[in-house]
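Right, one structure below, let's go through it.
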Amino acid sequence: MKRIEVVTEEPMQVIDVTDRVAELVAGTEDGMAFVSIPHTTAALILSEDDGELRRDIIRVARRWLQDCGPFEHIKKNNPNTVAHVLSSFAGTSLTIGISRGKLDLGTYQRILFLELDGPKIRTIRLRTMPM
Amino acid sequence: MKRIEVVTEEPMQVIDVTDRVAELVAGTEDGMAFVSIPHTTAALILSEDDGELRRDIIRVARRWLQDCGPFEHIKKNNPNTVAHVLSSFAGTSLTIGISRGKLDLGTYQRILFLELDGPKIRTIRLRTMPM
Amino acid sequence: MKRIEVVTEEPMQVIDVTDRVAELVAGTEDGMAFVSIPHTTAALILSEDDGELRRDIIRVARRWLQDCGPFEHIKKNNPNTVAHVLSSFAGTSLTIGISRGKLDLGTYQRILFLELDGPKIRTIRLRTMPM
């Protein structure tokens, strides 16, 4: 299992980690990449990556959940249920094919790490399965 | 990697692609099917498929996001953030077991292609892993 | 394919099934676990598990969808579109790495079965792929 460290700086932040994952995959000619995070207040998604969309994703995340409270789950005065629910529903792993040493992504698909309860030091785990 | 082409006709449309995926899987006796799309404004989901539910899924998708704007991400005068966010959160791939040449689906589970920014010509990719 | 039976007692209920999945995985030293459910009104998620958060997850699920109706999909006078949509979007399968006979989960990650249209008798399916 290989690891990538991601240092987040904001409470909610979208970080493109595609190139770092692609580098670690390079040794596998053909197969599958399994990318996952061991966290419960962050998510991994596939999405186009541009500044406007990054801000829109956070905007939607905030709006979806701001009216659902009050919540019971509170850690250190931080009612971070929003982070937990989005992490659970959006998901914390991605399976991606590998062809000729490259990730099988569409033209606009990027691997985005979605920080929902930062700032924190986060880990992305990568497993490759040759086929 | 095998491919299925899906031609969508509406801005938002739910299309059952189970039978077409099942056909391509038929050569594998036992293993896993990995079904994915290279798109960022569409999704692949497992769901029951009937006309009422298809319309309800689109209804929910529209409602969830209609009040979250205004959005910044605009392509050709089309503020399609809704499509991007739902694609990212619902997901663009499915992993499904294969037993005796058939997809391990429940009685009501169908593979649905969810067009969120159509009409478009879309591609579904299929990989099978024998076990 | 191995199976776990889950008996739910409430219309919406969150049940931690991590230990039961971990037991069935024990024979595999290194590889992947593929956990799935054949249902369209339940979901499998990774999340922290505590009583407050369990209630918050159900709270969010209810709120997200309560204003999206009226719905067309009605089974036995039960408009369970909410259950279908959350099942589809949150997902009905999880892929988890296995290292030294144990699931590669983070400190707080638990496998939660999310009943959305109970009470019912449910099945969790498990496949392991050695690597």
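The values are calculated or read from the model by the stated rules, or taken from the named source; none is laboratory data. Just so it is clear, the model here is predicted, and its values are computed rather than measured. All Cβ positions, glycine included, derive from the backbone under ideal geometry; neighbour counts span all protein chains shown. Just so you know, the surface numbers come from the protein's heavy atoms only, side chains and all, with ligands and any DNA or RNA stripped out. Shrake-Rupley method; radii C 1.70, N 1.55, O 1.52, S 1.80 Å.
Just a few scattered comments:
- One Cα centroid belongs to region A:1-46, the other to region B:6-30; the line between them spans 29 Å.
- Cα gyration tensor of region C:85-131 - equivalent ellipsoid semi-axes, whole Å, descending: 24, 13, 11
- Size of charge dipole - the protein assembly as shown - debye, nearest 20, with Cβ of Lys, Arg +1 and Asp, Glu -1, no other charges: 300 debye
- Radius 12 Å from Cβ of B:Val25, net charge of other residues (Lys, Arg +1; Asp, Glu -1): 0
- For region C:32-93, trypsin sites (Lys or Arg not before Pro) are listed when DSSP marks them as loop and at most 12 other Cβ atoms sit within 10 Å of their Cβ; the list is C:Lys76.
- Here is the tail figure for the protein assembly as shown: Cα pairs spaced more than 39 Å apart come to 9 percent of all pairs.
- What the phi angles of region C:26-40 give under the Karplus curve with 6.51, -1.76 and 1.60, with θ = phi - 60°, is a coupling list of 3, x, 9, 6, 8, x, 10, 10, 10, 10, 8, 10, x, 10, 10 Hz, glycine and proline written as x.
- Residue by residue along B:34-45, Cβ atoms of other protein chains within 10 Å of the local Cβ number 5 on average.
- Using C-alpha pairs under 8 Å with a sequence gap of at least 6, the mean separation divided by the residue count of region B:21-131 gives a relative contact order of 55 percent.
- Nearest 10 degrees, 0 to 90: helix A:81-90 Cα axis against chain A principal axis: 30 degrees
- Distant-in-sequence amide H partners of A:Asn80 (H built 1.01 Å from N, under 5 Å): A:Lys75
- For region C:83-112, residues shielded by at least 50 square angstrom of accessible area compared with the chain on its own, probe 1.4 Å: C:Ser88, C:Phe89, C:Thr95, C:Asp104, C:Gln109
- Carbon plus sulfur fraction of accessible area for region B:1-109, probe 1.4 Å, in percent: 45 percent
- FRET efficiency, A:Arg3 to B:Met131 (Cβ-Cβ, R0 41 Å, nearest 0.05): 0.90
- Accessible area in square angstrom per residue, region A:32-131, 1.4 angstrom probe: 38 Å²
- Think of each Lys and Arg Cβ as +1 and each Asp and Glu Cβ as -1; about the Cα centre, that makes the dipole of region B:1-105 roughly 380 debye.
- B:Ser93 long-range amide H proximity, modeled H, under 5 Å: B:Leu44
- In this simple spin-label model, placing a label point 7 Å from the Cα along the Cα-to-Cβ direction at both B:Glu23 and B:Arg63 gives a separation of 3.6 nm.
- Accessible surface buried at the C:A interface totals approximately 2400 Å², computed with a 1.4 Å probe on protein heavy atoms.
- Calculated from backbone phi, Karplus (6.51, -1.76, 1.60) coupling profile of region B:119-131 in Hz, x at Gly/Pro: x, 8, 9, 10, 10, 10, 9, 10, 10, 10, 10, x, 10
- Mean shadow area of chain C, taken as a quarter of the surface of its Cα convex hull (nm²): 8.2 nm²
- Counting only the Cα atoms, region C:11-73 fills a convex hull of 124 Å³ per residue.
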